[in-house]
Amino acid sequence: MRFVIHEIKLWFKGEGRAPKSYELYQNRVNVVTGDATTGKTSFWSIIDYCLLSNKTNIVNSINDKVSWYGIRFTINEHEMTIVRKSPYLDSVSPEVYFGYGEFPNNPQANI
């Protein structure tokens, strides 16, 4: 099995706030840089959460700003997208979008 994460995307709370994407390149070393306490370590927690973990380790300072978390990945030859609504009060959300290919513009639960 070949599993490759292509992109992590965050949709922010509030009118007019554009989503933020972080692209990852396959067959390369991807380095995430930034000042202390800016959320670099949270990438692992976001990936785990999007892969339907039954708990969340995403810090509340990020959850307070983000409405949906998403990952776009390939398993073997199939590109897929999972987007999950932000946890509320440390409780995981059952609201999940699953699709093939690119991210939706405005995520809504479909499963």
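The values are calculated or read from the model by the stated rules, or taken from the named source; none is laboratory data. As the structure is a computational prediction, the values presented were derived from the model and not from experiment. Virtual Cβ from ideal backbone geometry, glycine too; neighbours counted across all protein chains shown. Only protein heavy atoms, including side chains, enter the accessible area calculation; ligands, DNA and RNA are left aside. Shrake-Rupley method; radii C 1.70, N 1.55, O 1.52, S 1.80 Å.
Annotations
- The stretch between residue 106 and residue 30, if pulled fully straight at 0.36 nm per residue, gains 24.6 nm over its current Cα-Cα span.
- With only the Cα atoms considered, segment 31-88 has a convex hull volume of 91 Å³ per residue.
- Isotropically averaged projected area of the chain, using the convex hull of Cα atoms (one quarter of hull area), nm²: 7.4
- Qualifying chymotrypsin sites (Phe, Trp or Tyr not before Pro) in segment 23-111, where qualification requires a DSSP coil assignment and no more than 16 other C-beta atoms within 10 Å, comprise 25.
- For GluC sites (Glu not before Pro), the sites in segment 69-100 that DSSP calls loop and that have at most 14 other Cβ atoms within 10 Å are 77.
- Relative contact order, percent, segment 47-111 [alpha-carbon distance under 8 Å, six or more residues apart]: 27
- Where 89, 52 fall by accessible area, highest first, once all protein chains stay in place (1.4 Å): 89, 52
- Within segment 9-40: backbone nitrogen closer than 18 Å to the residue 2 label point (7 Å, Cα to C-beta): 24-30
- Start at zero, step by 10 Å, and the Cα-Cα distances of segment 1-40 spread as 22, 42, 29, 7, 0 percent across the bins.
- Per residue, in Å², the accessible surface of the chain once ligands and nucleic acids are set aside, probe 1.4 Å: 66
- Loop GluC sites (Glu not before Pro), segment 6-42 (other Cβ atoms within 10 Å of the site Cβ: 16 or fewer; DSSP): 15
- Which of 27, 37, 10, positive extreme of dipole for the chain (C-beta unit charges): 37
- Amide H partners (placed H, <5 Å) of residue 86, local residues excluded: 68, 69
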